[in-house]
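Right, one structure below, let's go through it.
Bear in mind these aren't lab numbers, they're just calculated from the coordinates by the rules spelled out. In this text the structure is predicted, and so the values were computed from the model without any measurement. Using ideal geometry, Cβ is built from the backbone for each residue, glycine included, and neighbour counts are taken over all protein chains shown.
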Amino acid sequence: MPSYIRTLEEVFGKGNVHLLTLTSDYDHIGTSTHVIAASPRKLDMEDFVKTIQGKEGSEMTAHVMPGERLQHYLNERYSVVLTDDYVPVDNLIAPIFEERFGYRNQ
């Protein structure tokens with residue numbers, strides 16, 4: 001995911017890529033399904049948050065990671081910019097399989 005986000009930032013610019021998570025505990029988002037919103041124009045994420053908050057007092061269904069926190073998240077993780085000639089997907093997702101299924105040296 002960090003490589004995908006970095007690649008989108010190259011195309012759309014920093015500040016135009018947003019990570020939506022299921023939790024506001026950004027230090028522990030873990031391996032899960034996330035939504036990444038990107039646009040060549042600025043997105044009104046505050047309006048989006050108001051919409052997903054729904055009725056007063058209801059639980060949030062998604063959380064938008066603040067831009068500064070997203071950059072901190074990306075800086076803590078290995079990432080490469082993906083291109084037509086370089087997309088090492090197998091290498092990038094290997095840690096997920098190792099985490100879920102363990103590593104067996106045969």
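Structure data summary
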{"read-out": "Residue in the stretch 19-38 that is touching a helix residue (DSSP H, G or I) at 6+ places or on another chain (Cβ under 6 Å) and of a type in the set (Phe, Trp, Tyr) present", "value": "yes"}
{"read-out": "Residue in the stretch 40-47 that is closer than 15 Å to TYR4 by Cβ, under 16 Å from the mean Cα position of the chain (by Cα) and surrounded by 14 or more Cβ atoms within 10 Å (Cβ to Cβ) present", "value": "no"}
{"read-out": "Residues that are surrounded by fewer than 11 Cβ atoms within 10 Å (Cβ to Cβ) and part of a helix (DSSP H, G or I), drawn from the stretch 95-106", "value": "ARG100, PHE101"}
